[in-house]
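Below is one structure, written out as structure tokens; comments come after it.
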Amino acid sequence: MRWKTRILAVCIVWVAGLLLAMGISYVGDRYTGEAQLAAPSATPDVVARGAYLAGLGDCAACHSIPGEPPYSGGLRMVTPIGAIYTTNITPDPIHGIGRFSLADFDRALRFGVAGGHTLYPAMPFTSYYNTTPGDVAALYAYFRQGVPAAVVPNRPSEIPFPLSMRWPLTYWRWLFAPKPTPFQPSAGLNAEVARGAYFVEGLGHCGECHTPRAITMQLKATTPKNGSAYLSGAVIENFFAPSLRNGGPGTLGDWGVEELAQFLKGGASSKGIAFGSMRDVIVHSTQYMSDADALAAAKYLKSIRSDHDGEASPFVYDPAVHNALKNGDASKPGSMAYLDSCAACHRPDGMGYDRVFPRLAGNGVVQAENPISLISIILQGSSTPRTGGAPAQFVMPSFAKRLSDQDLADLVNFIRTSWGNHASSTTIGDVARVRKAMRPNE
Ligand code: HEC
Ligand code: HEC
Ligand code: HEC
């Protein structure tokens, strides 16, 4: 039968194509990092630089857990096929990375291979790939000499056999992981913006949360050069990490460079206060950036835009809803819930109190295309990040018990369309889905 022959032919061509693609990727996949590495010279300055870079790379967020020695691993990370644990990266020779040569360390950091196997991309080598040889050597010096060895064994993963076999990860890496290439600024980028780009695209791994992933889980873009998906916003653990590009509502279009630098250093600006996983990024990582580096990162972020991002439109405050509330008119659905539950802190005019209770009028998180952050923060509550610069904490309570799915959908729609905000509508189903996804921690 001819159709059978045809299907067979298509399958053969398809498999051959796949094998060819894998073959080509394999040939291009060999680790050749040694050639790029500088000989490690672990002077106190280099170790200090390594400590600073470990802060920028937020290694502690994953490799340290409360109550255990720093960098001794053990954080449980849930992947689609089961949970894995981060590893001990202290210089302990048995349980840690004490026997790693500089090249071994580089291979893990930028290439995603350690002990002969590919690492789960939960370790963000897909962003760290651009680290310069000098900075790899400084990080290595820090993890050898600046961090005390901890005798804490690694924990086995909870991924069941046969999914626990790592060879599919190797294929994945061949096909999708960016090849380790020390950062090269685009021609014409000024030195300060280039430094910001190096940090944001690389060690800062902002794209791991803020860039959407393809169905095969790789980031859709790792720099603005390979697509306007770069930093265009993505869902991460019941929150939406919003677009960090520059365009209309829901992007950083109306943030100033100073505000952005202030947010990275202190977790708060007059545009918003960090919550969800961004709070941890601030607390463990970006608060330690030098003022000059925070400014460089902000300038770089402000340079990212393409025609897809829409026109930056300055927010225009609309007093209609506030006037209605003042006159006792709570007919707009969600008004009463807002007055009862939110207005005491965020005020009836939606303007909040600068850097204490964030304003909801003209707010990027509130107007993001995906309402999941707004729903999650109302359900979970939050507290402002405690940083060296802002030791006091302000708390937003959880409303999970007080508001039904219907109340919450009305409230979310009220906030997303009041005071000049413009965002798409949210359904009771959207709310129910978030509530269900959060249930284990509720
Ligand atoms: C988002 C979480 C995350 C961050 C941030 C992170 N790591 Fe990892 N790292 C992991 C996970 C998970 C593994 C184990 C992966 C596996 O078992 O396949 C790992 C493995 C490693 C390994 C391999 C160790 C071994 O014994 O196999 C090294 C080295 C390492 N990380 C260094 C670092 C450094 C240095 C930084 C900061 C620049 C860092 N990591 C930041 C999650 C992270
Ligand atoms: C672990 C995930 C994660 C990483 C890594 C991460 N972010 Fe975020 N980010 C989020 C989430 C979730 C939000 C939404 C909550 C909020 O606004 O605080 C967010 C919000 C933000 C906001 C506020 C946007 C707005 O419109 O209010 C800025 C600015 C930001 N991130 C910048 C960065 C930069 C720069 C980096 C890299 C240094 C980074 N983020 C890395 C998860 C992450
Ligand atoms: C007791 C004061 C208080 C009340 C009541 C309160 N909030 Fe908050 N809200 C805060 C604080 C403090 C933050 C900052 C938390 C953080 O960033 O971790 C915040 C943050 C937010 C944010 C994040 C905005 C941003 O850009 O950072 C949203 C959205 C929000 N609240 C909505 C609401 C809604 C809706 C209600 C009513 C259901 C409400 N809040 C009730 C204090 C309050």
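The values are calculated or read from the model by the stated rules, or taken from the named source; none is laboratory data. Here the structure is a predicted model, which means the values were calculated and not measured. Don't worry about glycine lacking a Cβ; one is built from the backbone with ideal geometry, like all the others, and counts go over all protein chains shown. Only protein heavy atoms, including side chains, enter the accessible area calculation; ligands, DNA and RNA are left aside. Shrake-Rupley method; radii C 1.70, N 1.55, O 1.52, S 1.80 Å.
Got a sec to turn the phi values of the stretch 160-173 into Karplus ³J(HN,Hα) couplings, 6.51 cos²θ - 1.76 cosθ + 1.60 with θ = phi - 60°, whole Hz, x for Gly and Pro?
x, 5, x, 5, 6, 5, 8, 4, x, 4, 5, 4, 4, 5
Label points 7 Å out from Cα along the Cβ direction at Ala187 and Lys401: separation in nm?
Computed distance between label sites Ala187 and Lys401 equals 6.4 nm.
For the stretch 383-440, state which trypsin sites (Lys or Arg not before Pro) are in a DSSP loop and have at most 11 other beta carbons lying within 10 Å of their beta carbon.
Numbers: sites: Arg386, Lys401, Arg402, Arg416, Arg433, Arg435, Lys436; in loops: Arg386, Lys401, Arg402.
Within the stretch 383-440, the qualifying trypsin sites (Lys or Arg not before Pro) (loop, at most 11 other Cβ atoms within 10 Å) are Lys401.
In deg cm²/dmol, rounded to 500, what helix-only [θ] at 222 nm does the chain give when every DSSP H run of at least 4 residues adds -39500 (n - 2.57) and the total is split over its residues?
Rounded to the nearest 500, the figure is -10500 deg cm²/dmol.
So what are the radius of gyration and Dmax for the Cα set of the stretch 250-334, in Å?
17.1, 50
Counting only protein heavy atoms and using a 1.4 Å probe, what share of the accessible area of the chain belongs to carbon plus sulfur, as a whole percent? Please list the in-between numbers first.
On the way: 13250 of 21490 Å².
Carbon and sulfur atoms account for 62 percent of the accessible area of the chain.
Gap in Å between the Cα centre of the stretch 376-405 and the Cα centre of the stretch 77-149?
A separation of 34 Å, based on Cα centres.
Give me the Debye-computed log₁₀ of I(q)/I(0) at q = 0.11, 0.15, 0.23 Å⁻¹ for the stretch 191-309, equal point scatterers on Cα only, no solvent, two decimals.
Computed log10 I(q)/I(0) values: -0.32, -0.61, -1.58.
Counting just the Cα atoms, what span does the chain cover along each of its three principal axes? Round to the nearest Å and put the largest first.
Result for the chain: principal-axis Cα extents of 75, 71, 47 Å.
Eigenvalues of the Cα gyration tensor times 5, then square-rooted: what semi-axes does that give for the stretch 33-176, in whole angstrom, largest first? Can you show the working numbers first?
Numbers: eigenvalues 121, 69, 31 Å².
Each semi-axis is the square root of five times an eigenvalue, giving 25, 19, 13 Å.
For the stretch 33-176, what is the accessible area per residue in Å² when the probe is 1.4 Å?
Result: 45 Å² of accessible area for each residue.
Restricting to lysine pairs 8 or more places apart or on different chains, what number in the chain have Cα atoms under 20 Å apart?
For the chain, the number of qualifying lysine pairs is 9.
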